[in-house]
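What follows is one structure encoded as structure tokens, with my remarks underneath.
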Amino acid sequence: MRVKILGTAAGGGFPQWNCVCANCRAVREGSFSGKARTQAQVAISADGGAWFLLGASPDLRAQIEATPEVHPTATSSVSVARHSPIAGAVLANADVDHVLGLLMLRELQPLSVHSTASVRRILQQDNSMFAMLDRAEGQLRWNDFMPGKTFPLLDPQGQDSGLRCRSISLGVHYPAYVRSARRSDLVPGEASSGLVFESESGRRIAYFPAVPQIDQALLQELDSTDLILFDGTFWSDDELIRAQGGGITASSMGHVPVSSDAGSLRRLAPVKRPRKIFIHVNNTNPMLNEAGAERRQVLEAGWEVAEDGCQFDL
Ligand SMILES: [Zn+2]
């Protein structure tokens, strides 16, 4: 299984267009110890041929161009000038920064999209723009998955890619744009998922970009994997409040912070088996600074911070 990291920032990217926090200011001035980042985007493949996107970020067009593995190739047997190694996407939630990129893939390219039924209904039935993905017969194949169940990743023709996925229900909060009438009609446990992918050889990767709380069952799940890409959104619970002079806590946004007794560094310390990597890092997070004490603390705890463009072979 091949894993490409196309983007590593939380929603808004780094720097964020309207942000003047210390990190965003320094990276614009060129004085920051670290790089700019695009919004979180991962692609996985069983064989390096067909690729599945984990979510679809608003930066997807540029991320595809920066990644030769997902460029279209000309095939002599096909006369039309359209092709993509991207077979489809697996959606963990319906957040704008996780689904907007689907609209960048609208040029009548056949795609297979896996999500919970609730996430599908929000996009397909309530947001008419997504009809652009479903204009022609065979363009979009929606595949609903159930929390806790294992399912195969299928290509747009319904062929099994050889990759398996199991979703773990994590959050019950739907995005703010979902109307209250619709909200009462959705299954709470289908709002936000952690995704565990398994190759035919039994290698496992966990993609958990939004984790509201950590319990014993989650720790056991993570310790059964080879690589985890974990929620690194905020360093501390009150980070946004301090950066903006107001706002809400990390936990009320559905993100367990990295630091503190209840944070991921401390709580995931007993998880020894997988390589542990933070992704979905908000522009305000001090661990972005490669020269800072927070980054040192992360590395000393055995964690890494994902970089745009990095790759893992499992
Ligand atoms: Zn900022």
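Can you tell me, using C-alpha contacts under 8 Å and at least 6 residues apart, the relative contact order of region 183-306 as a whole percent?
Relative contact order here is 23 percent.
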Item to check | Karplus 3J(HN,Hα) series, Hz, for region 190-196 with 6.51 cos²θ - 1.76 cosθ + 1.60 (x for Gly, Pro) | outcome: 9, 6, 9, 10, x, 10, 10
Checklist entry - By the scheme Lys and Arg +1, Asp and Glu -1, what is the net charge of all other residues having a beta-carbon under 12 Å from that of Val211? => result -2
Checklist outcome for this item: Partnerless cysteines (no other Cys beta carbon under 4.7 Å) identified across the chain are Cys21, Cys165, Cys310
Checklist entry - How large is the charge dipole for the chain, taken about the Cα centre, if only the Cβ atoms of Lys, Arg (+1) and Asp, Glu (-1) carry charge, to the nearest 20 debye? => result 140 debye
Item to check | Sites excluded, trypsin sites (Lys or Arg not before Pro) in DSSP loops with at most 12 other C-beta within 10 Å, longest stretch of the chain | outcome: 180-271
Item to check | Net charge contributed by nearby residues that have their C-beta within less than 9 Å of Gly88 (K/R +1, D/E -1) | outcome: 0
Checklist outcome for this item: Note to self, the chain gives a 222 nm [θ] from helices alone (DSSP H runs n ≥ 4, -39500 (n - 2.57) apiece, / all residues, nearest 500) of -3500 deg cm²/dmol
Next on the checklist: Taking 8 Å as the Cα distance limit and 6 or more residues as the minimum spacing, I'd like the relative contact order of the chain as a percentage.
Outcome noted: 19 percent
Next on the checklist: What number results when the radius of gyration of region 109-162, computed over Cα atoms, is divided by 2.2 N^0.38 Å?
Outcome noted: 1.16
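FYI, it's all coordinate maths here, none of it is from the lab. No experiment lies behind these values; they were computed from the predicted model shown. All Cβ positions, even for glycine, are placed from backbone atoms using ideal geometry, and neighbour counts span all protein chains on display.
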